[in-house]
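Quick notes on the structure that follows.
The values are calculated or read from the model by the stated rules, or taken from the named source; none is laboratory data. Computed from a predicted structure; not experimentally measured. Note: ideal-geometry Cβ built from the backbone for every residue, glycine included; neighbour counts use all protein chains shown. Surface accessibility is based on the protein's heavy atoms, side chains included, excluding ligands, DNA and RNA. Shrake-Rupley method; radii C 1.70, N 1.55, O 1.52, S 1.80 Å.
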Amino acid sequence: MVLAGLIRKLGHQLAEIRERALKSILCKIEHNLICYADLIQERQLFLHLLEWFNFPSVPMKEEVLNLLSRLVKYPPAVQHLVDVGAVEFLSKLRSNVEPNLQAEIDGILDGLFLLPSEVPALSSASYQTNQTELSKNPEILTGYFPQDKSNFQQMEVPPRPVVNQTVKCLKFSTFPWLPLTTTDRHVLSSNESSLRSSNHTLIWNTCELLKDVIMQDFPAEIFLQRPKIVQSLLSLLKLAFGDGKHRLALQSVSCLQQLCMYLRNRLNFHRDPGFFSNKHDTVSQNSSLSYCHEARGTHHSQNPSPGSSSPRPSVVGRTGQRPRGDGQDWDAASSSGSSSHAHVNSRISVHSPLDMGHIDLPELETEDTLELQFQQLSLPQFCVSILESAVPLLRTGSRQVIIRVLELLTEDMTLIGEAISTDIWDDSSLFGIDMKEKLLLVLGALGETMCYHKSSISLEQPEVMLVHHRMAFISISLFAVRLLQTLLPVEKASEFLSEPMSTALFLLSLDMPISLEYPNIHEAVVAYLEQLNSENYSIYKRTAEAVYSIECTCNFLSDIGKEGEKNLLELVELADQALRSFSYHQHFPLIKEIISICSKIWKSAQASPLLQGESQKVLLHMLSHPLPRVKAETYHCCLEITKECLGVHNVTKPVSSLCNGIHFLLHPKVLYEISVFGIQEPESEVCQVT
């Protein structure tokens, strides 16, 4: 109740009472008498902290903003602030406060826009109500007193509708914000305008400059935070369908592919600056041996406020060591000196990435950071934009374009795996729904493209086009399945995948060369197909069984022709499988070989009962086969063996040795099949033989 009283006093009309209440709360926080877990549940606290700036006298403005910046690190606090309209209020307040407080407000707004990947651990003070008590008393979770918005109406901020702001689908959203100098912005602006030029030579040269210089000078995330260059490059991809302009599209593909690679490096760098290194120096400036002295104990949020802790506030236009965009900006300094003394001096003279934010930056000019952050691309948005723009290019007739686009998409898919989780299909936030709709359109387009190249393979076309479409089908199929494996769990396939992708997966499941060369891909395709279409899956299963049976037929005939000892049990198993596809291959010499094996097995006194039983099953299958020709051929072969064993030409041979060859026909089950069904067979060929 003490905390509730202090929060209520924050809205008192007398400035002295408000000030004492705020100081009391800050003091209790400092001495761990209360903690942020207690504060973030109090909706009235956020109302009163915002109302603080509406009174005629506004003391301790910096302390109020500092408290808000600390509270905004917790998702429940963010939700409360968003619900009461803090974004619009702080945006208007920013222009009415001193410049030194504007950066603090920017940091709070950054926190409100940040999609948290981790929820900070919350712990109450020892004497406070524990978590079990909180769960038993839900009234405490919504504040100690009923919510009263009457005072808040003084701010004239309309209440925001309650929207599901929880985004579950992101592994990584945005990089820490990097402000730029006037020179930096001029360099980017110049390249933006050049890419929009109608002069093809200028566009070509600008793309070369981007790859060779600009993308190496600027951290890769700059191009997402100022996305006009990326948007221009994506627009250039449409030129792949124009006559004589596909070279510009390929240049754009090359730039985007390089940007994807640099973004992956920057992502690794931000995750672990002390470990990640592209270089192989003995001791890198960003290695764990040197980095610990510069960054130990320093913690940076996912999206720090501009000007507060930016790891790279300036890129172009500053003197001294020029940073690069590969995550190893300060490595060059560690190798610039030849002696250990020079090495130490160079290390002292060059600031680490984490120290750069504290350097005086005379070149930095005020930017509308809030507006820029609204316009920036998150990493998932960038990845999906590439998919949307590049996938249509896979239907072009140029082999070079398809190869280069697939290389770009492969790099993009790696980033997708780092940025988007499989929870996207259950995400009901506006961002998640938008991403989901775009991904479904991309997957549908991939399915249509696969079907297009598959249907374009015909003998009427020249061999060059046959090879082109076949290679395109294989390559695009491999990418599509790997993208599915990255994004879509198998059990959700029937709920989300469209008909074109279902048809494409069915065609892919029946492609024998791909199944042999890429067995893991084939298994994934079959798993998705089973969930998508039971009829097509049944067709696939029957086809696969027929193919396996034909393969067994070939193996049986191959093994029969070999000299030396034969594994009779294995031959019988192959024979049994071979009969299942007889309606397809109709290789009648196979029947004679199987009958000979059965005769040989029953002739031997050493044959095991298991082997005799299995061979008898095969014989009975042949005698009762649904195809009349197979049945007639079986009876004919049995008759020929009988004649061979009991013919007049064998009159001088012992009777016992002659009868051994027809033992397989003398078993009661075989005789029953012949006498009951063979004699009654309507086919004249079978009746005559019987």
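Some points to look at:
- Looking only at the stretch 428-443, and only at residues there that are farther than 27 Å from Arg266 by Cα and open to solvent by less than 10 Å² (accessible area, probe 1.4 Å), the one that is nearest to the chain's Cα centre (by Cα): Leu443
- Looking across Gln102, Gln79, one residue alone is in a helix (DSSP H, G or I) and without any contact (Cβ under 8 Å) to a residue 24 or more places away in the chain. It is Gln102.
- Just so you know, in the stretch 26-36 the residues that are in contact (Cβ under 8 Å) with a residue 40 or more places away in the chain and hydrophobic (A, V, I, L, M, F, W, C) include one that is least open to solvent (accessible area, probe 1.4 Å), and it is Ile34.
- Residue in the stretch 457-489 that is farthest from Glu418 (Cα to Cα), counting only those that are surrounded by 16 or more Cβ atoms within 10 Å (Cβ to Cβ) and of a type in the set (Val, Ile, Thr): Ile474
- Which listed residue is farther than 16 Å from Gly111 by Cβ, hydrophobic (A, V, I, L, M, F, W, C) and either in a loop (DSSP other than H, G, I, E, B) or open to solvent by less than 10 Å² (accessible area, probe 1.4 Å) (or both), from Leu50, Leu90, Leu22, Leu68: Leu22
- Inter-residue pairs, beta-carbon under 8 Å, first closer than 15 Å to Leu387 by Cβ and outside any helix (DSSP H, G or I) and in the stretch 473-499, second of a type in the set (Val, Ile, Thr) and open to solvent by 20 Å² or more (accessible area, probe 1.4 Å), 6+ apart: Leu488/Thr422
- Unmet criterion (only one of (1) assigned by the TED database to the domain that holds Leu611; (2) out of contact with any Lys or Arg (no Cβ under 9 Å at 6 or more places or on another chain); (3) open to solvent by 40 Å² or more (accessible area, probe 1.4 Å)) for Ser581: (3)
Rundown of residues vs (1) in contact (Cβ under 8 Å) with a residue 24 or more places away in the chain; (2) in contact with a strand residue (DSSP E or B) (Cβ under 8 Å, 6 or more places away or on another chain); (3) more than 14 Å from Thr634 (Cα to Cα); (4) not β-branched (Val, Ile, Thr), yes/no style:
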| position | (1), (2), (3), (4) |
| --- | --- |
| Ala575 | yes, no, no, yes |
| Leu579 | yes, no, no, yes |
| Ser583 | yes, no, yes, yes |
| Gln586 | yes, no, no, yes |
| Ile591 | yes, no, no, no |
| Ile595 | yes, no, no, no |
| Ser599 | yes, no, no, yes |
| Leu610 | yes, no, yes, yes |
| Gln616 | yes, no, no, yes |
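- Restricting the stretch 530-565 to residues that are closer than 24 Å to Ser596 by Cβ and of a type in the set (Val, Ile, Thr) leaves a set whose member that is most open to solvent (accessible area, probe 1.4 Å) is Ile550.
- Residue in the stretch 548-561 that is touching a helix residue (DSSP H, G or I) at 6+ places or on another chain (Cβ under 9 Å), among the small types (Gly, Ala, Ser) and more than 22 Å from Ser615 (Cβ to Cβ) present: no
- Yes/no for Ile17 being open to solvent by less than 50 Å² (accessible area, probe 1.4 Å) and either over 30 Å from Leu178 (Cβ atoms) or aromatic (Phe, Trp, Tyr) (or both): yes
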